[in-house]
Amino acid sequence: MGATGKLDDVEIMKRLLKYFGLTDSLNLVNLSKGTTMKDVRLKAGDLQGFNYILIELVNTKGLGLNLSGRSAEQRALVHQWLQYNILHLTDKTSITEYVLKEMDSYLVPCTFFAGHNLTLADPVIYLSLYPVFMDMSFQEKEKYPNLSRWFRLIQEDSELRGKNKKVPFASVPLYNTTNLFH
Amino acid sequence: MAFTDSSPAGLKKLNEHLRTRSYVEGYAPSQADTAAFNAIKGAPNANDLPYLARWYNHIKSYGDLRKQFPGAAGGKPAAAAADDDDDVDLFGDDDEDDNEAAKVREQRLAEYAAKKEKKPGPIAKSSIVLDVKPWDDETDMKAMEAKVREIVMDGLVWGASKFVPVGYGINKLQIICVVEDDKVSIDLLTETIQDYEDLVQSVDIAAFNKI
């Protein structure tokens, strides 16, 4: 993270590719220093943009876990969230209260971002939101109950978490429920 | 776990429980989810019980896989699905199961089940010391203790208690209880005590020992 709050895209892309079982494919992607998720390219061919590369690699070389979506609808949702990640979440300073609220309300009816099972979207968003959640107080986390609930679930995957610390969450809401002391 | 109550109050409680959790217990689907799911008749109203509705739809999406969730509340024992870790369930993908290995496992499970039937295992219990704090020095501590002791749950036994001064004339109630781990949820117990809002300010677990 530099002074601008920009996350290190290269580091994140490497982690994600490894997490999705694409370690063998790392050398297919041009990950030289300073590459961003927007302008990353495959070494061969003219595919540009991390979203497209990720979906392409997962579909052709991945573990066959349907991570890019099981139905046309879900594939569209995964795509939408990957795009959302690039537009709103790759720069820490652009992750505003509005963005967090929007994601929170989206997660009211679904356990994961693209419905009922883990897809590419969840780990990608986890890594983008990690520094934000690390800085939040319990009270702030409680402002986004659904997003917090989702984050708490996703961070349980130790392979994805890597060296990241587990963000602590309160099991019982402390600030805005009926049986409270404040 | 205690979430098999399908009355409006029971559903509300489960809804609150699921507010901060994706599953009833832990971070992967388990038999606790199946039990709670089966107890609910029909989809909950998403306006009144948003968290419950989210969870309900999620568990529903597993279809028949529900019976294979790990955990031992009825149905098959922690079974054939996947033993290496919880994330396998997230992907809902278990076709790679090796037939041979599955057979051996089934056999072992059958042996284990037979063994288990013969002698019921020891019941896991915990001894817990709770600190119950009043609002101020004017709170009637005797009444508070009586209220706490009024709580009756299957598998819960109250033990000795005493008042410990915290300062400025305020006492807190320290009370020992013994619970059977399978039957009593500590979260639920502390929440129940905290529901006596007039008397109780907060409840802490001072000590927690497995017996």
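The values are calculated or read from the model by the stated rules, or taken from the named source; none is laboratory data. Computed from a predicted model, the values in this text were never measured in an experiment. Counting neighbours? That spans all protein chains shown, and the Cβs are built from the backbone with ideal geometry, glycine included. Side chains included, ligands, DNA and RNA excluded: accessible areas come from the protein's heavy atoms. Shrake-Rupley method; radii C 1.70, N 1.55, O 1.52, S 1.80 Å.
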Original post:
Once the Cβ-Cβ distance between A:S105 and B:I186 is put in as r, and R0 is 30 Å, what FRET efficiency do you end up with, to the nearest 0.05?
Top reply: 0.40
Original post:
For region A:12-83, with only Lys/Arg (+1) and Asp/Glu (-1) charged at the beta-carbon, what is the dipole magnitude about the Cα centre, in debye rounded to 20?
Top reply: 240 debye
Original post:
Excluding A:N59 itself, what net charge comes from residues whose Cβ is under 13 Å from its Cβ, given Lys and Arg +1 and Asp and Glu -1?
Top reply: +2
Subject >> Accessible surface ranking that places the most exposed of A:M13, B:M153, A:M134 first, with a 1.4 angstrom probe >> reply: A:M134, B:M153, A:M13
Subject >> Set B:K13/B:K41; A:K141/A:K163; A:K18/A:K61; B:K142/B:K172 screened for pairs whose C-alpha atoms are more than 18 Å apart >> reply: A:K141/A:K163
Original post:
What FRET efficiency do you get for A:T60 and A:F138 if R0 is 51 Å and r is their Cβ-Cβ distance, rounded to the nearest 0.05?
Top reply: 0.75
Original post:
Do any trypsin sites (Lys or Arg not before Pro) in region B:164-211 lie in a DSSP loop with no more than 15 other beta carbon atoms within 10 Å, and if so, which?
Top reply: B:K183
**OP:** Just read off the accessible area of B:W158 with the full protein assembly in place, 1.4 Å probe, to the nearest 10 Å².
**Re:** 40 Å²
**OP:** Run the quick spin-label model on B:F163 and B:E150: label points 7 Å from Cα toward the beta carbon, then report their separation in nm to one decimal.
**Re:** 1.9 nm
**OP:** Scan region A:20-116 for trypsin sites (Lys or Arg not before Pro) in coil per DSSP, keeping those whose Cβ has at most 10 other Cβ atoms within 10 Å, and list them by number.
**Re:** A:K33, A:K43
**OP:** Give the percent of DSSP beta bridges with both residues in the protein assembly as shown that are antiparallel, rounded to the nearest 5.
**Re:** 100 percent
**OP:** List, in the order given, every pair from A:K38/A:K165; A:K14/A:K38; B:K67/B:K125 whose Cα-Cα distance in the structure shown is over 20 Å.
**Re:** A:K38/A:K165; B:K67/B:K125
Original post:
When the helix-only estimate is applied to the protein assembly as shown (DSSP H runs of n ≥ 4, each -39,500 (n - 2.57), divided by the residue count), what is the mean residue ellipticity at 222 nm, nearest 500 deg cm²/dmol?
Top reply: -12000 deg cm²/dmol
**OP:** Would you work out which of A:I86, B:L49, B:F37 lies farthest towards the positive end of the dipole of the protein assembly as shown? Charges go on Cβ: Lys and Arg +1, Asp and Glu -1.
**Re:** A:I86
Original post:
Among B:D136, B:D131, what's the order by accessible area (1.4 angstrom probe), most exposed first?
Top reply: B:D136, B:D131
Original post:
For region B:167-202, which GluC sites (Glu not before Pro) are both in a DSSP coil and crowded by at most 16 other Cβ atoms within 10 Å?
Top reply: B:E197
Original post:
For A:E11 and A:A72, what is the calculated FRET efficiency with R₀ set at 45 Å and r taken between the beta-carbons, to the nearest 0.05?
Top reply: 0.85
Subject >> Proximal charge balance of A:R75 [Cβ under 15 Å; K/R count +1, D/E count -1] >> reply: -2
Original post:
Rounded to the nearest 10 Å², what accessible area does B:T192 show when all protein chains are kept and the probe is 1.4 Å?
Top reply: 30 Å²
Subject >> Alpha-carbon centroid distance for the pair region A:81-149 / region B:1-64, whole angstrom >> reply: 23 Å
Original post:
Hey, any idea what % of region A:9-181's accessible area is carbon plus sulfur with a 1.4 Å probe?
Top reply: 52 percent
Original post:
Magnitude of the Cβ-charge dipole of region A:9-181, K/R +1 and D/E -1, about the Cα centre, nearest 20 debye?
Top reply: 360 debye
**OP:** Would you mind telling me which residue in A:V29, A:V172, A:V99 has the biggest mean-square fluctuation in a Gaussian network model of chain A, where springs connect alpha carbons within a distance under 10 angstrom?
**Re:** A:V172
Original post:
Chains A and B: buried accessible surface, both sides, probe 1.4 Å, rounded to 100 Å²?
Top reply: 2500 Å²
**OP:** Name the residues of region B:35-62, by number, that are at least 50 Å² less accessible with every protein chain in place than in the isolated chain; the surface is that of heavy atoms, probe 1.4 Å, without ligands or nucleic acids.
**Re:** B:R54, B:H58
Original post:
Taking amide H positions as placed 1.01 Å from N in the peptide plane, with prolines and chain starts having none, which residues 5 or more places from A:V29, or on another chain, fall under 5 Å of its amide H?
Top reply: A:K43
Original post:
What net charge do the residues around B:D182 carry, taking every other residue with its C-beta under 14 Å from that of B:D182, with Lys and Arg at +1 and Asp and Glu at -1?
Top reply: -1
Original post:
For B:A206 and B:D136 in the same chain, what is the full-extension length gain: residue separation times 0.36 nm, less their Cα-Cα distance, in nm?
Top reply: 23.2 nm
**OP:** Name the residues of region A:100-129, by number, that are at least 10 Å² less accessible with every protein chain in place than in the isolated chain; the surface is that of heavy atoms, probe 1.4 Å, without ligands or nucleic acids.
**Re:** A:V108, A:P109, A:T111, A:F112, A:H116, A:N117, A:L118
Original post:
In terms of modelled amide H atoms, which long-range or inter-chain residues lie less than 5 Å from the amide H of B:A206?
Top reply: B:V129, B:L130, B:D131
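For region A:9-181, with every protein chain kept in place, what is the accessible area per residue (1.4 Å probe, Å²)?
46 Å²
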